[in-house]
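Single-structure report; data block below.
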Amino acid sequence: MSKYETPNYDIVLKEEEFEIRKYANFFIIEYENESDPEVENGFGSLFKYISNDNEKNEKISMTVPVIREETEQNKKMAFVVPGKYSDKIPEPNNSNLRIKKFEEGLFGSIRYSGFSSTTKEVKMKNKLEKWLLEKGYQKQSNFMIASYNAPLVPPMLRRNEILVRILLAE
């Protein structure tokens, strides 16, 4: 069990490494910077925010997962906001950070261990997409990579996931 808070969800369906989850609403602090399309400064900016670089100069607890999303324009990175802040989230001082509501809904996921890499992420995205189509679901968002561990956790103990918002096909 993780010592860090995670977003709430219910498992609707589980088969091997795949799950269909229903997430409740939660908030994230998202880093997006057009002049940093590879999010080189994403983690550092987010870490400074939770360390106290926010309007209240408040230290905010670390949560998991760290979420990365790739859009057609660039990449984004986000931390989950602890639930106790639901209606009073400290505003970021950094203009590349913004508070965003992660809307409730159904998500497909695939879980894998080890270090994540572009090759492994593409393989897992393809596997998840194939499984979702077989189950009658349509992808409704970009794929997101969710990382749950600190850098020094051994590969075999690492938890990574690919998530995607879905709808039941009509």
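Structure notes:
- q = 0.15, 0.20, 0.25, 0.29 Å⁻¹: log10 I(q)/I(0) that the Debye formula gives for the stretch 46-116, counting C-alpha atoms only: -0.61, -1.00, -1.31, -1.51
- 0 to 90° range, to nearest 10: angle between helix 42-51 axis and the chain longest Cα axis: 50
- Cβ-based charge dipole, the chain, positive-most Cα from ASN142, PRO154, ALA169: PRO154
- Under 5 Å between amide hydrogens, built in the peptide plane, is the criterion, and for VAL39 it picks out LYS75 among residues at least 5 positions away or on other chains.
- From the C-alpha gyration tensor of the stretch 119-170, square roots of 5λ in Å: 26, 11, 8
- Size of charge dipole - the stretch 90-170 - debye, nearest 20, with Cβ of Lys, Arg +1 and Asp, Glu -1, no other charges: 260
- For the chain, the mean residue ellipticity at 222 nm estimated from helices alone is -5000 deg cm²/dmol, where every DSSP H run of n ≥ 4 contributes -39500 (n - 2.57) and the total is divided by all residues, rounded to the nearest 500.
- Cα-based helix-to-principal-axis angle, 118-134 vs the chain, degrees rounded to 10: 50
- 12 Å tail of the calculated P(r), the stretch 1-55, as % of Cα pairs: 77
- Arranged from fewest to most other beta-carbon atoms within 10 Å of their beta carbon, GLU30, GLU38 become GLU38, GLU30.
- Long pairs among LYS76/LYS123; LYS75/LYS100; LYS100/LYS139; LYS3/LYS75, criterion Cα-Cα beyond 24 Å: LYS3/LYS75
- Charged neighbours of TYR9, selected by a Cβ distance under 10 Å, balance to -1 (K, R count +1; D, E count -1).
Throughout, read-outs are computed from the coordinates displayed, never taken from laboratory work. These numbers were taken from a predicted model, which means no experiment stands behind them. No Cβ is skipped: glycine too gets one built from the backbone with ideal geometry, and neighbour counts run over all protein chains shown.
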